[in-house]
Amino acid sequence: MRDLLVDKTAVVTGGASGNGRAISLAYAEQGCDVVVADIREDPREGGTPTHERIESETDAAATFVECDVTDYDSLVAAVGAAEEFGGIDVMVNNAGIFQGEEFLSDDDSTFDRIMDINVRGVYYGSRAAISEMVDGDGGSVVNLSSVAGLRGSGDFVSYCTSKGAVRLMTYALADRFGPDGVRVNAIHPGLIETTMTTEDVPIVGTEAEEAFQETIPLRRNGQPEDVADIALFLASDLADYVSGESVVVDGGMSSTQ
Ligand code: NAD
């Protein structure tokens with residue numbers, strides 16, 4: 001089964017690193033050309049840039065577009081870059097940041113930054129992509145929310161706010177554009193091993209990791225490939241009657257704790 005996305009083109013924001021990188025590679029392995037749209041070309045975790053790996057390791061084509069998701073024109077340019085490959089079919093609004101704050105004493109900077117990237121970025125990315133999709137054959141939009149978009153966590157008020165917004169934005173867009181053939185779904189990862197959880201909010205590789213894993217029925221951290229498998233399903237025709245849905249990828253954590 002290696003042709004789930006043959007003749008398709010995807011734009012993946014934040015595709016240089018982590019989950020976005022795994023999604024880009026998984027799509028390319030299934031025949032999908034990929035526009036990697038990111039503020040940086042080199043993966044945060046190190047290694048060969050995603051688009052170069054796709055070009056050398058798969059039969060798909062790929063390009064990198066420097067893109068800041070807080071800037072609408074930048075997203076329009078990323079979606080425009082998909083024209084080279086036949087036009088956008090799949091939009092993955094994956095770029096995001098994770099940080100905590102002390103709610104009572106924090107200035108507004110954490111809230112502003114998180115909302116700008118995690119919410120405005122998905123809003124702009126969806127608009128740039130869907131405006132092309134409704135003029136064509138429709139498409140699939142996959143938004144990265146989080147288990148933090150399902151449950152509140154007191155150390156991460158802004159982050160939870162942003163990911164809850166992504167969840168409801170997903171449902172609203174699914175309602176608005178379903179009649180135009182656009183499916184819109186959300187993925188809610190749990191603890192996934194990326195630079196976000198090794199460096200930004202260090203859990204993986206710290207003393208807290210073991211206790212965290214005790215809360216996960218499958219007793220392991222998630223890998224970016226676990227997220228990519230769901231992103232692949234949601235983008236493909238296997239999910240052609242799935243829209244306005246949240247898929248949780250957390251080893252069973254949020255439904256059991
Ligand atoms: P990551 O830090 O490894 O990768 C994020 C990528 O987004 C980087 O390449 C970064 O350069 C890019 N990016 C950041 N700001 C950007 C901007 N303004 N414009 C364009 N690109 C930008 O993080 P990750 O863990 O791969 O996270 C990807 C998504 O998954 C995020 O939305 C995150 O909230 C979500 N998520 C991650 C986890 C986890 O445990 N890692 C859990 C739940 C949800």
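The values are calculated or read from the model by the stated rules, or taken from the named source; none is laboratory data. None of the values given here were measured: they were computed from a predicted structure. Neighbour counts run over all protein chains shown; Cβ positions are idealised from the backbone, glycine included. Quick note on the areas: whole protein, heavy atoms, side chains included, nothing else; ligands and nucleic acids left out. Shrake-Rupley method; radii C 1.70, N 1.55, O 1.52, S 1.80 Å.
Applied to segment 66-76, the Karplus parametrisation 6.51 cos²θ - 1.76 cosθ + 1.60 on θ = phi - 60° returns per-residue 3J(HN,Hα) values of 5, 8, 9, 5, 7, 10, 4, 4, 5, 6, 4 Hz, with x for Gly and Pro.
When each of the peptides 71-79, 121-129, 96-104 is scored by the mean number of other C-beta atoms lying within 10 Å of its residues, the order from highest to lowest reads 121-129, 71-79, 96-104. Placing a label point 7 Å from the Cα of residue 229 along the Cα-to-Cβ line, no residue of segment 136-178 has its backbone N under 11 Å from it. In the chain, the longest principal axis of the Cα atoms and the axis of helix 18-29 are about 30 degrees apart.
In sequence order, segment 237-249 has phi-based couplings of 5, 4, 10, 6, 10, 10, 8, x, 10, 10, 10, 8, 10 Hz under the Karplus curve 6.51 cos²θ - 1.76 cosθ + 1.60, θ = phi - 60°, and Gly or Pro positions carry x. To the nearest ten degrees, helix 224-235 and the longest principal axis of the Cα atoms of the chain are 40 degrees apart. Extension gain, residue 242 to residue 39, is 70.0 nm, computed as 0.36 nm per intervening residue step minus the present C-alpha separation. Over the chain, accessible surface divided per residue gives 46 Å², non-protein components excluded, 1.4 Å probe. Heavy-atom surface analysis with a 1.4 Å probe gives segment 167-257 a carbon and sulfur content of 51 percent of its accessible area.
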